[in-house]
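Data first, discussion second: the structure below is written as structure tokens.
Laboratory data are not the source of any read-out in this text; all were calculated from the coordinates shown. No experiment lies behind these values; they were computed from the predicted model shown. Cβ atoms come from the backbone with ideal geometry, glycine included; neighbour counts cover every protein chain shown.
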């Protein structure tokens, strides 16, 4: 009722000020989104690379809804109701703001982020096109550096022990199993181009089933710094969306992330930012990686979209996995036991 009254007063103010009626209509439209009762899966799409066709082409009955600065696309994918946002500018914070508004405006049952990321492991261990499932996402831009230069994660932990801290966020194991099945299916049917120098030497993407992802806005080509951070957080890639995972956790909505490696300073040390130079006429590595990530999400929705809508799942601040899961990230353990193919 309060939102309806505020919208009415906004319309009156617009009319009194002589502004266009379109502004009032946009305000009313934004307010009406709040009452959308349809259970949906939410999809966060990074602004770059600007290669959105895989997801947009799969979206049926598409409608565009403006809610403040954010534009949402609703519709269905494989018969499952979804809402999708392409973030309006770059950065994890902007993407998480779009996630926050999505969760406020729609009945989102799970929040999905398909993205790309940079390798934090050696060329022998990880290559361009490898798939990282977000089992654990960390905020590795928040740390304390001691006078000796030692890095300690969680800069506030020691000085505010009575405050709840959101450090590592873990995916629901049941959802990670669904994502593992989708990733395994897509990887088996994917052959990477030879110029990406596939780490497995078989042309197929490798899968890190228990991916520990670090979230930071720093893109570092400094191997000493990268190694120092990795030694503290033990992440395998550098672009986990901890901000959006935190938003989802606060709203008690499960967060699902898959990243495909698009650059590696370890594999391509002579190329700026570790981005391999693609041959003329070939699709760049970041677009190849994003398309692969998107395909995994489409496979996940086709397989388990209805289960995600109907089930009860949650992120965790306590590690729910086996003691050695993150030391053997290539080992799916029991994650593939429920796959249907």
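May I ask you to derive the relative contact order of the range 59-184, considering only C-alpha pairs under 8 Å and at least 6 residues apart, and to give it as an integer percent?
Working: 98 pairs, mean separation 16.8, N = 126.
Here the relative contact order equals 13 percent.
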The chain, relative contact order [Cα under 8 Å, separation at least 6], %: 24 percent
Viscosity 1.002 mPa s, temperature 20 °C, Stokes-Einstein D of the range 247-341 from Kirkwood C-alpha radius, µm²/s: 128 µm²/s
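Roughly speaking, what is the stretch gain from residue 60 to residue 341, that is 0.36 nm per residue apart minus the C-alpha to C-alpha distance, in nm to one decimal? Intermediate results must be reported in sequence, preceding the final value.
Details: separation 281, 0.36 × 281 = 101.16 nm, distance 2.58 nm.
Going from the current span to full extension adds 98.6 nm.
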Which parts of the range 189-211 would a label at residue 123 reach, counting a residue when its backbone N lies under 18 Å from a point 7 Å out along Cα-to-Cβ? 193-204, 206
Round to the nearest 0.05 the FRET efficiency obtained for residue 328 and residue 162 when R0 = 30 Å and r is the Cβ-Cβ distance. 0.25
Rounded tilt (10° steps) of 223-233 against the dominant C-alpha axis of the chain: 70 degrees
So for the chain: antiparallel DSSP bridges make up what percent, rounded to the nearest 5? 45 percent
Label point distance in nm, residue 217-residue 273, each placed 7 Å from Cα along Cα→Cβ: 1.5 nm
Across bins of 5 angstrom width beginning at 0, how are the C-alpha pair distances of the range 161-239 distributed, in whole percent? 3, 11, 15, 15, 19, 18, 11, 3, 2, 1, 0
Could the peptides 245-254, 288-297, 173-182 be put in order, highest first, of the mean number of other beta-carbon atoms found within 10 Å of their residues? 288-297, 173-182, 245-254
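Which shape class applies to the range 182-341: rounded if a/c is under 1.5, otherwise prolate when a/b exceeds b/c and oblate if not, where a ≥ b ≥ c are the square roots of the Cα gyration tensor eigenvalues? Each step should come with its number before you reach the end.
Values: a/c = 1.74, a/b = 1.26, b/c = 1.38.
Oblate.
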Pick from 258, 186, 132: which is most flexible by mean-square fluctuation in a GNM of the chain where alpha carbon atoms under 10 Å apart are linked? 186
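Cα-Cα pairs above 17 Å in the range 98-218: how many percent? Please report the intermediate quantities before stating the final value.
Values: 4989 of 7260 pairs.
Roughly 69 percent, once rounded to a whole number.
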Measuring from the longest principal axis of the C-alpha atoms of the chain, the long axis of helix 21-33 (C-alpha) lies at a number of degrees, nearest 10, equal to 60 degrees
Given the options 115, 129, 203, state which has the largest fluctuation in a GNM of the chain using a 10 Å cut-off (strictly under) for Cα springs. 203
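What value does the range 208-254 have for Rg/Rh, both radii from Cα atoms and Rh as Kirkwood defines it? Let's see the in-between values first.
Working: Rg = 12.4 Å, Rh = 11.8 Å.
Here the Rg-to-Rh quotient is 1.05.
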Hey, with R₀ at 30 Å, roughly what FRET efficiency would residue 148 and residue 318 work out to, going by the Cβ-Cβ distance, to 0.05? 0.45
Gaussian network model of the chain, springs between alpha carbon atoms under 10 Å - residue of 73, 155, 235 with greatest fluctuation: 155
With everything on Cα atoms, drop me the angle between helix 173-188 and the longest principal axis of the chain, reported from 0 to 90° to the nearest 10. 70 degrees
Quick one: work out Rg over Rh on the C-alpha atoms of the range 69-145, Rh as Kirkwood radius. 1.03
